[in-house]
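Take a look at the structure below.
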Amino acid sequence: MDTPEQPAQDLRPLLAHLRAAQQRNPPTYRQRMDDLKRLGEAVRRYRDDIARTVSADFGRRSRHETLAADVMVTLDEISHLRHNLRRWMRPERRGVNLAFLPARAEIRRQPLGVVGIVSPWNYPVQLALIPLADAIAAGNHVMLKPSEHTPRTSQLLARLLAEVFPSERVTVVQGDAKVGAAFSELAFDHLLFTGSTTVGRAVMSAAAPNLVPVTLELGGKSPALVAPGYPIEQAADRIAAGKCFNAGQTCVAPDYVLVPREQRDAFVRAYMASVRRRYPQLVANPDYTAIVNPRQADRLRSWLDDARERGVSVVQHRPDGDPPPPGVEVIPPTVLLDPPDESRVMQEEIFGPLLPVKSYDSHDKAIDYILGRDRPLAFYPFDNQRARLRHTLDRVVAGSVCVNDTLVQFGQHSLPIGGVGPSGMGQYHGEAGFMTFTKPMPVMYQSRLNGMKIFDPPFGKLADVVVKFLTR
């Protein structure tokens, strides 16, 4: 399916059009509330179309996963924004230095102007519309570049948003990586990118000449750490849930798991048992999501071959021997036992249903192993001992943490989304998104009784007295 491309040379006039409209008539509270209401109504109206279209882009995408992770989470965010927007917009009173009384001061949250959003393919609706809703709530106009790897969904988003917003409020730009590169070079007032660390570096470099502030929600290798004594079946079940959701194509999916050496085999048995309960069939199972395209599937297969060539033991869930239908790339849930650190599955973010299981002999050494790698987007400790858990949380730095479960922290509108170091910078979601897409503007209101007039020259004795008092 061809994606209509926006010529790169046309992007600057689009940005200028958006900026002029925003400066001419910044959205009021009522306008923002109405925009969010109509956006939510459109998402509900398009709910079934979204599920069908995303599935078509993936070859097969679980309807329930799409409704939960792309539709429900988006609607929840919009509702949260509308419920709290008035409070967030309220000016914050600040104190005034004694010498300036009776003036008053406050901080107002001012829209940045035009926000650029580059969204990925793995959750193509949620990761486009949640930051867009945050930016709209903050009073900005938006230019959105959805992923070219889910072209049908990108066209659906363009149609949905055109029903809600005029073109001077929200514009959708479609096209390939060249269009994406030109998009990243535009002089936005803020640019949010969700995707890989490699592309994130390129986006940041492209934004630098215009000094565009960026929010980068990247990826990395998010570890799960099962502490000694934690119920191994419970840990395996929750890790399987997070790893198999969307076939592992989730930026905060558990990328590898560290387990006590003596519990490794029990963990693998429990993990595969949990997978079998969830997916008694794979090839024709509508609940098991396909890999988005052949390129991604071939990458995963090559990494699996690399591990096997290094002598790594592999355990796979293969309940049926039939090949998948044409256009459906199915990679089975797979466990790799103690792959060496130089293997591909331990060097790069997996973004698929392959799970390396690494054994450890000491809990502190397991934490040291995590600390020796790039700071992850997410961290999943499984531990019921409070003192040890506090020690773990004090040591490990990650974008977010979920204790004794996986993924669910990402769906909480009260918690910010963002990485740290190579897994990203900045945050959005709920109040954090409103703060990111607004500027704190200090405002001081001078009184008619202006005490600072005593410092107007020519200076007299009163100025000497006041200065002496204030510097005593």
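The values are calculated or read from the model by the stated rules, or taken from the named source; none is laboratory data. Keep in mind it's a predicted model, so treat the numbers as computed, not measured. In this analysis, Cβ positions are derived from the backbone assuming ideal geometry, glycine residues included, and neighbour counts consider all displayed protein chains.
Does E309 qualify as being out of contact with any helix residue (DSSP H, G or I) (no Cβ under 8 Å at 6 or more places or on another chain) and either farther than 30 Å from T436 by Cβ or small (G, A, S) (or both)?
When the stated conditions are applied, E309 passes them.
Looking only at the range 271-306, which residues are in a helix (DSSP H, G or I), farther than 29 Å from I232 by Cα and not hydrophobic (A, V, I, L, M, F, W, C)?
Result: P294, R295, Q296, D298, R299, S302.
Which of (1) closer than 30 Å to D76 by Cα; (2) in a strand (DSSP E or B) does F434 not meet, given it meets every other one?
(2)
Any residue at all in the range 67-84 that's loosely packed, with under 15 Cβ neighbours inside 10 Å, aliphatic (A, V, I, L, M) and in contact with a helix residue (DSSP H, G or I) (Cβ under 8 Å, 6 or more places away or on another chain)?
Checked the range 67-84: no residue is loosely packed, with under 15 Cβ neighbours inside 10 Å, aliphatic (A, V, I, L, M) and in contact with a helix residue (DSSP H, G or I) (Cβ under 8 Å, 6 or more places away or on another chain).
Show me the helices (runs of 4 or more DSSP H) entirely contained within the range 1-118 in which 2 or more residues are of a type in the set (A, V, I, L, M).
11-24, 29-45, 47-58, 73-89
Please specify each residue of the range 128-165 satisfying the condition of being assigned to a loop (DSSP other than H, G, I, E, B) and without any contact (Cβ under 8 Å) to a residue 60 or more places away in the chain.
The answer is P146, S147.
Hey, among R108, R61, which residue is surrounded by 18 or more Cβ atoms within 10 Å (Cβ to Cβ) and touching a residue at least 60 places away in the same chain (Cβ under 8 Å)?
The unique qualifying residue is R61.
Say we look at the range 332-382 and pick out the residues that are within 22 Å of the chain's Cα centre (by Cα) and aromatic (F, W, Y); which of these is farthest from L258 (Cα to Cα)?
Ranking the qualifying residues of the range 332-382, first place goes to F351.
Condition test on P151, is it in contact with an Asp or Glu (Cβ under 8 Å, 6 or more places away or on another chain), over 20 Å from G426 (Cα atoms) and buried (at least 17 other Cβ atoms within 10 Å of the Cβ)?
For P151, the condition - in contact with an Asp or Glu (Cβ under 8 Å, 6 or more places away or on another chain), over 20 Å from G426 (Cα atoms) and buried (at least 17 other Cβ atoms within 10 Å of the Cβ) - is met.
Six or more apart or on different chains, Cβ under 8 Å: which pairs go from a residue in the range 74-85 that's touching a residue at least 24 places away in the same chain (Cβ under 8 Å) to one that's of a type in the set (D, E)? Could you list them?
E77/D134; L81/D134; N84/E431
Consider T250 carefully, then state whether it is touching a residue at least 60 places away in the same chain (Cβ under 8 Å) and farther than 19 Å from L336 by Cβ.
No, not satisfied.
Only residues that are of a type outside the set (A, V, I, L, M, F, W, C) and in contact with a His (Cβ under 7 Å, 6 or more places away or on another chain): list them for the range 407-422, please.
Those that are of a type outside the set (A, V, I, L, M, F, W, C) and in contact with a His (Cβ under 7 Å, 6 or more places away or on another chain): H413, P416.
Looking only at the range 209-219, decide whether some residue is surrounded by fewer than 18 Cβ atoms within 10 Å (Cβ to Cβ), on the phi < 0 side of the Ramachandran plot and within 19 Å of the chain's Cα centre (by Cα).
yes
Considering every residue within the range 443-457, establish whether at least one is more than 50 Å from the chain's Cα centre (by Cα) and surrounded by 11 or more Cβ atoms within 10 Å (Cβ to Cβ).
yes
Look through the range 312-357, keep the residues that are out of contact with any helix residue (DSSP H, G or I) (no Cβ under 8 Å at 6 or more places or on another chain) and small (G, A, S), and return whichever of them is nearest to S423 (Cα to Cα).
Top of the filtered list is S313.
Given (1) in contact with a Ser or Thr (Cβ under 6 Å, 6 or more places away or on another chain); (2) over 28 Å from R109 (Cα atoms); (3) part of a helix (DSSP H, G or I), identify the lone condition not met by Q409.
(2)
Given the structure, is A235 under 25 Å from I417 (Cα atoms), outside any loop (DSSP other than H, G, I, E, B) and assigned by the TED database to the domain that holds I370?
So A235 fits the description; yes.
Taking G424 and the conditions (1) surrounded by 18 or more Cβ atoms within 10 Å (Cβ to Cβ); (2) over 15 Å from the mean Cα position of the chain (by Cα), which numbered condition does it fall short on, given that it satisfies the others?
Result: G424 passes all but (2).
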